[in-house]
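The values are calculated or read from the model by the stated rules, or taken from the named source; none is laboratory data. All values reported here derive from a predicted model rather than from experimental measurement. Virtual Cβ from ideal backbone geometry, glycine too; neighbours counted across all protein chains shown. Heavy atoms of the whole protein, side chains included, go into the accessibility calculation; ligands, DNA and RNA do not. Shrake-Rupley method; radii C 1.70, N 1.55, O 1.52, S 1.80 Å.
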Amino acid sequence: MEDNKIEGVANVESKETLQAALKEIEMWEKDQKSLWFWERIGRLPFKLLDKITPAFVQNKIGLLLDELGNFIQTGGQYLTQERLILKKFEELEGKTELNLSHIADLPLAKMDQVSEELKKSRAKAATIQGATTGFGGIFTLAIDIPMILGLSLKTLQEIAIAYGYDPNQKEERVFIVKCLQFVSADIVGKKAILDELSNHYGSESRTQMVSQLQGWREVVVTYTDQFGWKKLFQLIPIAGMFIGAFMNKSMMQDVAEAGIMLYRKRRILERLEQSDEQKSLTL
């Protein structure tokens, strides 16, 4: 029974198709290891404005450390509803009662389709959210930061489900935080995360990542660092509405893109491995 399942998965796409898709992702990874000049400059205001940021904003940022820790351990308030994503596939497939194991066996193109729809939907939600919280200037930043963090975590969970992975598992939530960490990291950090994740693709155990995630608190620090320019412009109420909308949309697109690419790579490598296993069994 299990052998038949492996054969079905291996034949969803040809090995050549999977390898071509993998090459595209590797090109994307290569591009991610370069940091644009404006991104370098965009980190400077945070360090300068940090000294004049109101204490209540700093306190709110500090609370995110505990919230992120709770997410890793239990999912906390950020755990998303699996059924909502499965329903999208049921509508796409014209079937009912689909579960994660069914999703894992679907063609990669259908996983990509649902994930891209999620990316557009969440980017739109982040834009509206950024405009709303940006209207009040620096004082509404205390609301905006935890909201965009929560939306990012939920989006990555939805993408995980779209590629057949279960965010209810602790090691999967660690992978999600790694995706988030990747988005906010600098050149050195991105390379280190990609190298670390490369050891946990395929069918190899990913439980080691739980113990390796020593610097997960840095995710929040670097994540809020992304708001450097936003802080600068949000000192002026109303003007912050436009900056907030643009920044939140851009950030959510980056988060979703990273999630799609990293989860897509996992699924591709697992299918290539299964294809090799099937080939060895037939020899």
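General observations
- On inspection, Val9 does not qualify as surrounded by 13 or more Cβ atoms within 10 Å (Cβ to Cβ) and modelled with pLDDT of 60 or more.
- Just one of the listed residues (Leu92, Leu84) is part of a helix (DSSP H, G or I), at pLDDT 80 or above, in contact with a Lys or Arg (Cβ under 8 Å, 6 or more places away or on another chain) and open to solvent by 60 Å² or more (accessible area, probe 1.4 Å), namely Leu92.
- With a requirement of 2 or more residues that are open to solvent by less than 40 Å² (accessible area, probe 1.4 Å) and at pLDDT 80 or above, the helices (runs of 4 or more DSSP H) lying completely within the stretch 165-267 that satisfy it span 170-184, 187-198.
- Qualifying residues in the stretch 95-126 (those that are open to solvent by 40 Å² or more (accessible area, probe 1.4 Å) and over 25 Å from Ile25 (Cα atoms)) - the one nearest to the chain's Cα centre (by Cα): Ala125
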